[in-house]
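The values are calculated or read from the model by the stated rules, or taken from the named source; none is laboratory data. Predicted model, so just to flag it, every value in this text is computed and none were measured. Cβ coordinates were reconstructed from backbone atoms using ideal geometry, including for glycine residues, and neighbour counts include every protein chain displayed. For accessibility, only protein heavy atoms count, side chains too; no ligands or nucleic acids. Shrake-Rupley method; radii C 1.70, N 1.55, O 1.52, S 1.80 Å.
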Amino acid sequence: MDFQLPETGWTPNLVLFGFVICFGSAVPLGMQVSVINAPAEQIQQWCRKVLTARFGATLSTEEMEILWASVVTSTLLMGMVGCFCGGILSSKLGRKKSFLISSTLLLFAAPCFLFCRMAWSIELLYLGRLSVGLALGLSLSVIPMYLAEVSPLKLRGAMGVLLPLGITAGVVLGQVVTLDQLLGDKDLWHFGLGIGGLLNFICFVAYWWMPESPEYLCSFKNNPEEALKVIRKLLGQNSVDGALEKQIRTGFGIAQKSKGLSVRDILTDGKYRLPLALLFLMNAGCGLSGINVRIGINSNDAKLFSVGFGCINLAASSCGLFLMDRFNRRPMMLISCIACGVTLLLNTTVIYFINEVSWLPMVSVGAIVLFLLSYQTGVGQIPFFIGAEMFEIEARSSALALGTFGNWLANLIIVMLFPIVQHLWGAFAFLPSSIVCFALAIFVYFYLPETRGRIVSDTALLISKGFKSHIR
């Protein structure tokens, strides 16, 4: 039996719930993604001083690059660990407690960053980065299903966008606060790294008010009474009519508690083969699309330029609240993949000939803007929440963990390999990302069903026959 929330539209408490998730968790997470980039040179200089003062060691340029790479990749590696922890915790403890754990980890990182400079401790810097990675991994696997499970069917898209929108806003805010004129200089960079903890307090202030997922309460805890209280709390006292109350009480009150499927269970079950492939490849495509490429931003003008692109990216992302509420996922994802591939190919061509014509740099800027607009219409948003629309609740936690792992793996590949590809291929460094976008478009065309306005069990049945499924 499907668990279906009443179609009430937006209510004050649902808006407040979305606000807490977006500004209390997603924005601080996004800040931690970007705050490490702009002051990188200042932090590296501090690391040199610390190693010299404490150990009498002087690092060469190559050794410093290895040290810095370990600082950056430690977050990615812990993100991979965190996404699987999120799958386990959300089934065992529930969505709300898992959300609290991720928020606590993120808050724990703030004092590590704030005091590492004072304590002359690179270990605290590492500890903060590890904690951030674990919090990011947990959040990206827990929050999408938390949002989906408290949302009426017609608002699933708009609510699902709140996580990528908040992360994008946090990335821009992190870029701004770490400018040289603010908290990005050699004396204040540690404040830039830790300031996101202030926003994180929103989660703790609102935690006791936030409800558990009503679907989790029914399916995992066999507690329809509490689920009804949550529905009335979020969607209004009059949102539950007699028929729905009877359905929830009789349909779930006498049912056995669901047992969450493990990662191994869904990997070995043929009916999950196609939805897992879709979720993993869409998340990996999101990471491999080129959006997370970091090219040197040492000068202040380049940092301001990066902030400008970030603002455009945020403006495009905010349109998702409108787009995902009104347009189908499948065509949006297809258009986004193709448009991203085309704009990356255009930018590759422009960069190759950039010294031949004086106005080509402006064309390159335009191509980047078009890429950002294309990315945020589908590739940058839909993979975050579509897993909650394809998997029923017993498989959802483990499936989203695997999907999120695809995103983390893609980001690790970009961080490790893009500098090498850029050095070897020059202007053609974005060509692999373009090919990935076109390949993802082909896969989406043949295998992604439409999920908007469709109950999860119908979507799951549609793709249960693996690659032989008929999605239309």
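Quick check for me: using +1 on Lys/Arg Cβ and -1 on Asp/Glu Cβ, what's the dipole size of the chain about its Cα centre, in debye to the nearest 20? Display every interim value, and only then the final one.
Numbers: 34 positive and 27 negative charges, 196 e Å.
Its charge dipole is roughly 940 debye.
Longest span of the chain, sites excluded, free of GluC sites (Glu not before Pro) in DSSP loop with at most 14 other C-beta atoms within 10 Å?
That would be 8-355.
What value, in deg cm²/dmol to 500, does the helix sum -39500 (n - 2.57) over DSSP H runs of n ≥ 4 give at 222 nm once divided by the residues of the chain? The partial results should precede the final answer.
Working: 24 runs with 337 residues, N = 472.
Mean residue ellipticity, 222 nm, calculated: -23000 deg cm²/dmol.
With a cut-off of 8 Å between alpha carbons and a minimum separation of six or more residues, what is the relative contact order of the chain in percent?
Relative contact order here is 23 percent.
Distance check, please: which entries in LYS221/LYS271; LYS97/LYS259; LYS92/LYS465; LYS97/LYS221 exceed 20 angstrom between their Cα atoms?
LYS221/LYS271; LYS92/LYS465
Out of the total accessible area of the chain (probe 1.4 Å, heavy atoms of protein only), what percent is carbon and sulfur?
Accessible surface attributable to carbon and sulfur in the chain totals 67 percent.
Over region 16-98, one equal point on each Cα, no solvent: what is log10 I(q)/I(0) by the Debye formula at q = 0.18 Å⁻¹?
Log10 I(q)/I(0), no solvent term: -0.90.
Could you give the angle, 0 to 90 degrees to the nearest 10, between helix 242-253's Cα long axis and the longest principal axis of the Cα atoms of the chain?
The angle comes out at about 80 degrees.
Between 0 and 90 degrees, rounded to the nearest ten: what's the tilt of helix 329-352 against the longest Cα principal axis of the chain?
10
For PHE428 and LYS221, compute 0.36 nm times the residue count separating them, minus their Cα-Cα distance, and round to one decimal in nm.
69.2 nm
Express the C-alpha Rg of region 10-215 as a ratio against the empirical globular expectation 2.2 N^0.38 Å, rounded to two decimals.
1.08
For region 261-471, what size does the Cα cloud have along each of its three principal axes, sorted from largest down, in whole Å?
56, 36, 29
Would you mind giving the three semi-axes, in whole Å and largest first, of the ellipsoid equivalent to the chain according to its Cα gyration tensor?
Values: eigenvalues 288, 146, 76 Å².
In descending order, the three semi-axes are 38, 27, 20 Å.
Measure nothing but the geometry: give the 0 to 90° angle between the long axis through the Cα atoms of 12-21 and the longest principal axis through the Cα atoms of the chain, rounded to 10°.
40
So, how do all the Cα-to-Cα distances of region 350-408 break down into 10 Å bins, in percent, from 0 on up?
All Cα pairs considered, the percentages come to 20, 29, 20, 17, 11, 3.
In a solvent-free Debye calculation with one equal scatterer on each Cα, what is log10 I(q)/I(0) for region 80-160 at q = 0.11, 0.12, 0.15 Å⁻¹, listed in the order of the q values?
-0.36, -0.41, -0.58
Quick one: accessible area per residue over region 261-471, 1.4 Å probe, rounded to a whole number of Å²?
Spelled out: the 1.4 Å probe surface of region 261-471, per residue, equals 44 Å².
Straight-line reach from LYS303: which aspartates and glutamates fall under 17 Å, measuring Cα to Cα and dropping same-chain residues less than 8 apart?
Answer for LYS303, where 17 Å is the Cα cut-off: GLU41, ASP180, ASP185, listed by chain and number.
Using the per-residue mean of other Cβ atoms lying within 10 Å as a proxy for protection, in what order, highest first, do the peptides 418-430, 132-144, 317-329 fall?
Result, highest mean Cβ count within 10 Å first: 132-144, 317-329, 418-430.
Starting from 0.36 nm per residue, how many nanometres of slack lie between LYS246 and SER121 once their C-alpha separation is accounted for?
The LYS246-SER121 span can extend by a further 39.0 nm.
Based on alpha-carbon atoms only, what is the radius of gyration of region 396-472 relative to the globular estimate 2.2 N^0.38 Å?
The value comes to 1.47.
Among all cysteines in the chain, which have no other cysteine Cβ under 4.7 Å from their own Cβ?
So, CYS22, CYS47, CYS83, CYS85, CYS112, CYS116, CYS203, CYS218, CYS286, CYS311, CYS319, CYS337.
Got a sec? What order do TYR352, TYR272, TYR447 fall in by accessible area at 1.4 Å, biggest, i.e. largest, first? Please list the in-between numbers first.
Working: TYR352 130, TYR272 20, TYR447 55 Å².
Listed by decreasing accessible area, they come as TYR352, TYR447, TYR272.
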